[in-house]
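Participant: For reference, the structure I am asking about is given below.
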Amino acid sequence: MDILVINTDLMDRSVIQQVLQYSDHKVTFTENPGEAWKLIADGHFRFVIADASGQGQSIHHLIQQARSKPELVGHVYILILVSKGQNGNLVSSLGVGADDYLNKPIIPQELKARVSVGSRILSMSETLSQARDQADITPMYDELTGLLNKQAFYKVAQGELERARRTSGEFCLITLDIDNFKSINDNHGHTIGNEVLQIIANIIREKSRPYDCIGHWDGDLFALAFPGIVSTDAEKITRRTLAGVQSSNISLPDGTALEISISAGISASQNINAYAEIDSFIQSAEQAINSSKQSDEENITVVFI
């Protein structure tokens, strides 16, 4: 990726160049935000790293230009470098237009991670843009359950994780699995199995908030992503959902009660850092479900990552 760097510090430049070139990015340096805008407006760069420690007002103006003319430049990902003492005044001094910020002095591993996140976001944006142009946008919602489908859940959950990372806050991901779903399908048919999935999806939705990220991940597996809550709250949400399933009257057409057993896995982190990945949370939560299934006493397992 071509990355434009606005920086006057020779030491910073050296670190940035080494990190980015090692990651196969092409780097262009400039000291002048006005010159940088011309390069951006010409369509040469969609990723910008700008040092705001010495020329905050000029960088603020550059951000305003980029955000006020999306039809001209598209979305430009802007990573701001700030001195540690500048953090508290970041919003007031630069506005809310920047995508991310990084403290100086620059730590190479953290810079690499932040650039990796920005590159993925730009890549995702380009993919969605191409899909719109081709009028071939994948539906966001699962037709059977009405919840987010797997692809949409992944993208929304990634955004929720990014939101938690910006504040170094908490993040939890819950997965729910129907233990006896295979036997339900085998004994009563896929029509009954689909009705069970719809009922469980409705219960999960009823026990959650309207704005929560809830998805039908795969088969009989459901997933929920929560930024800003601790593991104990995630457990409460999970127990509330399981209690809703247990108290529901799910019956077969002949009136026979249908027993449903659900196991849950929760992956949680108390402090999201630059290296956190949504895949790790999903994999850990699925592994936690396996532990729940093997437990004779508890159907909820929490793992910390």
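The values are calculated or read from the model by the stated rules, or taken from the named source; none is laboratory data. Everything numeric here is computed off the predicted structure, so don't read it as measured data. FYI the Cβ positions are ideal-geometry reconstructions off the backbone, even for glycines, and counts take in every protein chain you see.
Participant: When you look at Gly169, is it crowded, with 16+ Cβ neighbours inside 10 Å and under 29 Å from Thr256 (Cβ atoms), yes or no?
Facilitator: Against the criterion (crowded, with 16+ Cβ neighbours inside 10 Å and under 29 Å from Thr256 (Cβ atoms)), Gly169 does not qualify.
Participant: Quick one: which residue in Gly228, Gly219, Gly189 is over 30 Å from the mean Cα position of the chain (by Cα), among the small types (Gly, Ala, Ser), surrounded by fewer than 22 Cβ atoms within 10 Å (Cβ to Cβ) and at positive phi?
Facilitator: Numbers: Gly228 fails: over 30 Å from the mean Cα position of the chain (by Cα); Gly219 fails: over 30 Å from the mean Cα position of the chain (by Cα).
Result of the check over Gly228, Gly219, Gly189: Gly189.
Participant: Search the range 53-80 for residues being modelled with pLDDT of 85 or more and more than 24 Å from Met124 (Cβ to Cβ), and hand back the single one that is surrounded by the most Cβ atoms within 10 Å (Cβ to Cβ).
Facilitator: Here the residue is Ile59.
Participant: So Ala268 fits all but one of (1) exposed (fewer than 14 other Cβ atoms within 10 Å of the Cβ); (2) touching a Cys at 6+ places or on another chain (Cβ under 6 Å); what number is the exception?
Facilitator: Going through the list (1) exposed (fewer than 14 other Cβ atoms within 10 Å of the Cβ); (2) touching a Cys at 6+ places or on another chain (Cβ under 6 Å), Ala268 breaks only (1).
Participant: Next question. Considering the range 144-186 alone, what residues qualify as being among the hydrophobic types (A, V, I, L, M, F, W, C) and closer than 11 Å to Ala225 by Cβ?
Facilitator: To start, the set of residues in the range 144-186 that are among the hydrophobic types (A, V, I, L, M, F, W, C) comprises 144, 147-148, 152-153, 156-157, 161, 164, 171-174, 176, 178, 181, 184.
Result: Leu148, Phe153, Val156, Ala157, Leu161, Ala164, Phe171, Cys172, Leu173, Ile174.
Participant: Which of (1) aliphatic (A, V, I, L, M); (2) touching a Lys or Arg at 6+ places or on another chain (Cβ under 8 Å); (3) closer than 20 Å to Arg205 by Cα is the odd one out, the single condition Ile262 does not satisfy?
Facilitator: (2)
Participant: Looking at Ala50, is it in a strand (DSSP E or B) and buried (at least 16 other Cβ atoms within 10 Å of the Cβ)? Walk me through it before giving the result.
Facilitator: Values: in a strand (DSSP E or B): yes; buried (at least 16 other Cβ atoms within 10 Å of the Cβ): yes.
The answer is yes for Ala50.
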